[in-house]
Amino acid sequence: MDSSPVSGRFDIFEIYRRFCDIRSGQVLCNYKPGDESQRTNYFKEALTQLLILVEKKFQARNSIFDELFKLMSRLDLMVDFSEFTRFYDFVFFMCREKGQKNITVGRALTAWKLVLVGRFRLLNHWCDFIEKNQRHNISEDTWQQVLAFSRCVHENLEGYDSEGAWPVLIDDFVEHMYSILGPNKNTRLFCNCNDADSESCLDEDPLS
Amino acid sequence: MKTINDFEQGWEYMQVGITKLKRFVEGLPGPALDPELYMDLYTTVYCRSRGKPPHDYSEKLYDKYHETIEEYINSTVLPALREKHDDEYMLLRELVKRWSSHKVLVRDLSYIFRYLDRYFITRRSLPSLKEVGLSCFRDLVYNQVQLKVKEAVIALVAKEREGEEIDRVLKKNIKEFYVEMERYEQDLESFLLEDTASYYSRKASSWIQEDSFLEYIRKSEECLKKEKERVSHYLHPSGEPKLVKEVEHELLEVYASKLLEKKHSEFCEIARGLEPIANILKQHVIDAEGEEDTAANQEQVLIRKVVEIHDKYMVYVTDCFQNHTLFHWALNEAFEVFRSKTGAGSSSSAELLVKFCDRIILKKWGSEELSDEAIEKVVKVLAYISGDKDIFAEFYRKKLAHRLLLDHGANEDQERSIVTNLKQIFGGNFTFKMEGMVTDLTLSREHKNSFNEYLANNPVEKPRIDFTITLLTTGFWPSYKTFDINLPSEMVKCVEVFKGFYETKTTCRKLTWIYSLGTCHINGKFDQKPIELIVSTHQAALLLLFNTRDKLSYTDIQTQLNVSHEDLVWLFHSLSRAKYKILIKVPSTNTVSKTDVFEFNSKFTVKMRRIKIPPPHVDERKRVVEDVHKDRCYAIDAAIVRIMKGRKVLGHQQLVSECIEQLSRMFKPDIKAIKKRIENLITRDYLERDKENANMFRYLA
């Protein structure tokens, strides 16, 4: 992988560029294609290397969240799902500390409030719930599933499948929400993300 | 010519006699043939058949004999039989009658013509007179009527099968007639067998539809019996096995599979019928339990009552319900209800049962042998542990360890027999560790012996205090919370000596000392009298510090023992605030603080010469539950990995259900626990979510 000394500025944009390269598999082109497990291993290895580099070289002038916000405002995230998904994963990556696989609840909460605003109708409820109930760190799987959850669920919890493989944290959240909402699932009391435009932005391409 | 006339004359004379004979045979009125006439007739035949040809009329006479019989049959027998054609009864009777008179006729005629038999017939190898008589009947009568007769016989047999009284003598005669006709096998037996087969085939096909399994079997048995009885009347003895075989084939072999099917479904049907009764029993037992439940709130009383109820209803089930499985199930379910009920309370039923067993076992020991019955009783109660076997096992091991190690006069054989019983109910996996524990104790005794030998051979090594060790295998025993402590030098010596000894035995094993299980006997020299104190190793280490000084501060003690604050608090509690106050705490409050000072209580005294000071309290229950939880996590992990290793890619729902199935033998895992473990495994890179479908998991090798 590209572990060459940092040329020029090693800022959040550079890190994101490298992260995207790794994600898209460009750095792996010299490895045998087809060997899935090897690919995954190198993929992980590359990310770990990048993380070490970030810890060593990256001195953010502000907090990482400010940096992430800066990055977010430059990216055209409204265009498509996959672009946002990549950025969302990158946020998790940046929140990792000291080579840990999971991120702390505090960082996760700040990050969610930063990046999911306008994208997750139950965001405030979610953050309240996490703040009060979650003690353990947030795993990458849970992080990713929260995005999937935010995409498929409505504020009345329609779209949630209790049989699905949701992380326990999300199951607990839904249970908690049911207890607030009561038996009438159709109550529309919780339109916190009342920005109808942002919702439509998720579904339609504004450029077309 | 004379000779011809002579013959004609003679024949005329004879005919008179023969007519007489016929009338007699027919049973018509008239005198019987007297011996004189016989003689005359015989002489007539004799004279006419001994002359030299052409005066030998033997052939003519032979023909005449033949003719006479034929004429008799045609003129008398056949018309008589024809008359009776329509009624099988009369026909058979007539036939039998005709046949027997025919035999008489042939017999008497052949007396008269006997001289022919002697020379003429033998010389020419013609059929004998008797044979001619027989064959005449066969050719003329039998062949004409046999079809009709056969039908009649079969009809009769059928009538008898349906329960009609049948003249058995007649049947027997008919059978003999057939035998004499030499047509028995081909003309009667084979048809009879055939008819029997078709008869029972018809019967069986209707029975199998209409009757229950038991009824069918009963009917078949009845038929076989009757058929055997009947067969001697109308069949030759050789025919019996053939017939029985035929009947058995039609009734049983042909329908064997159908019968089995029927049997099965019918027993289910019966079972269904019994279900309501079983349900009533179940409800009754539950109610009875409920009553006891409210009456007895103390745990041990409750369990004892439940066992009593169980015994009581078990007797009903075995005696009144013929041990039917359904009732066992009902009883089982009723106790399941009890199980979940207590489970909702403070302590689970698994724990209560363990405590109960412990009590039974301990009560019996010391005084008398634990009877087999008592063991059985214990095990019976244990059989009701279904869902939380692992919790039960964990508690049981704890109690077993307690019994084995803290030496309540532990009886290894008894323990082993209980464990064997448990093994039968729950399987080897369940009791593997328990067996290991009991075995450990036996092996440990050997170790003790060889250690003593070792000490005897190395007097230099011998420590100043007596001590024994129990060598346990890690893994079999419950995990014990133990903390390190700076032991007094005497004990350190002991530990080292044993280490030295153990290294001579084995090199690749690591010794871990569990001081919390140890007991020490120390002498307290109190003012009034010395008292032997039985304390734990930790307590002993603490008390021995007071050998040098009477007063010690908290910090002194802590630095000397090198024990954490929390552990020390419990130690102080057990020695200064509990029943026996060996130490005086200054200030005398209930909480231990780091500024406290402790003093040896020399005024302390009790009536006994020896007292046991309870060891510091540890919350065993909580630890057991934690241990079980931890074990369950491992078990779930293992199950998930095992399943995924085989399937590589699997849907979430399927994975969960397979997991539950695999683990159900030990406990009932809840779905949430499984989901948590799946997430954990994803974090640990054992699994990953499918990129397209979040409900699918992939195994990462």
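The values are calculated or read from the model by the stated rules, or taken from the named source; none is laboratory data. Computed from a predicted structure; not experimentally measured. Here Cβ is always computed from backbone atoms with ideal geometry, including for glycine, and neighbour counts include all displayed protein chains.
Consider segment B:640-651. How many of its residues are within 13 Å of chain A (Cβ to nearest Cβ) and either more than 11 Å from B:L687 (Cβ to Cβ) or exposed (fewer than 13 other Cβ atoms within 10 Å of the Cβ) (or both)?
3
Output the residues belonging to segment A:117-139 that are under 23 Å from A:M94 (Cβ atoms) and either modelled with pLDDT under 85 or within 13 Å of chain B (Cβ to nearest Cβ) (or both).
A:V117, A:G118, A:R119, A:F120, A:Q134, A:R135, A:H136, A:N137, A:I138, A:S139
Name the residue, out of A:T142, A:T85, that is closer than 27 Å to A:D21 by Cα, surrounded by 19 or more Cβ atoms within 10 Å (Cβ to Cβ) and within 14 Å of another protein chain (Cβ to nearest Cβ).
Step by step, each of A:T142, A:T85 is checked, and only A:T142 is closer than 27 Å to A:D21 by Cα, surrounded by 19 or more Cβ atoms within 10 Å (Cβ to Cβ) and within 14 Å of another protein chain (Cβ to nearest Cβ).
Would it be correct to say that B:I584 is closer than 24 Å to B:I531 by Cβ, touching a residue at least 24 places away in the same chain (Cβ under 8 Å) and of a type outside the set (D, E)?
Answer is no for this residue.
As an exercise: evaluate A:V105 against (1) at pLDDT 75 or above; (2) buried (at least 19 other Cβ atoms within 10 Å of the Cβ); (3) of a type in the set (A, V, I, L, M) and give the number of the one condition it does not meet.
Unmet condition: (2).
I'd like to know if segment A:52-68 contains one or more residues that are within 14 Å of chain B (Cβ to nearest Cβ) and not in a helix (DSSP H, G or I).
Within segment A:52-68, none of the residues are within 14 Å of chain B (Cβ to nearest Cβ) and not in a helix (DSSP H, G or I).
How many residues does segment B:683-701 hold that are facing chain A (nearest Cβ under 10 Å) and assigned to a strand (DSSP E or B)?
Qualifying residue count for the region: 6.
Find the helices (runs of 4 or more DSSP H) located wholly in segment B:34-135 whose residues include 1 or more that are out of contact with any Pro (no Cβ under 6 Å at 6 or more places or on another chain) and within 30 Å of B:V153 (Cα to Cα), and list them.
Counting at least 1 such residues, we get B:58-72, B:78-83, B:88-112.
Hey, can you tell me all the residues within segment A:149-160 that are within 10 Å of another protein chain (Cβ to nearest Cβ) and in contact with a helix residue (DSSP H, G or I) (Cβ under 9 Å, 6 or more places away or on another chain)?
Passing the criteria: only A:F149.
Of all the residues that make up segment B:112-125, how many are within 23 Å of B:E26 (Cβ to Cβ) and surrounded by 15 or more Cβ atoms within 10 Å (Cβ to Cβ)?
2
Could you identify the single residue in B:F501, B:F546 that is over 21 Å from B:V563 (Cα atoms) and crowded, with 17+ Cβ neighbours inside 10 Å?
Of the residues listed, the single one that is over 21 Å from B:V563 (Cα atoms) and crowded, with 17+ Cβ neighbours inside 10 Å is B:F501.
Run B:A155 past the list (1) under 23 Å from B:A80 (Cβ atoms); (2) surrounded by 15 or more Cβ atoms within 10 Å (Cβ to Cβ); (3) touching an Asp or Glu at 6+ places or on another chain (Cβ under 7 Å) and report the number of the one that doesn't hold.
Only one criterion is unmet by B:A155, namely (2).
Would you confirm, using the coordinates I've provided, whether B:N680 is out of contact with any Pro (no Cβ under 9 Å at 6 or more places or on another chain), assigned to a loop (DSSP other than H, G, I, E, B) and more than 30 Å from B:T559 (Cα to Cα)?
So B:N680 does not fit the description; no.
Yes/no matrix, rows are residues, columns are (1) assigned by TED's automatic domain parsing to the domain that holds B:R98; (2) in a helix (DSSP H, G or I):
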| site | (1), (2) |
| --- | --- |
| B:V157 | yes, yes |
| B:E160 | yes, yes |
| B:I166 | yes, no |
| B:S190 | no, yes |
| B:S201 | no, yes |
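Confirm whether B:T431 is closer than 23 Å to B:Y480 by Cα and among the polar types (S, T, N, Q).
yes
Can you find a residue in segment B:658-673 that is touching a residue at least 12 places away in the same chain (Cβ under 8 Å) and within 12 Å of chain A (Cβ to nearest Cβ)?
The answer is yes; a qualifying residue exists.
Tell me which of these A:I52 doesn't satisfy, since it passes every other one: (1) farther than 23 Å from A:A108 by Cα; (2) at pLDDT 70 or above.
(1)
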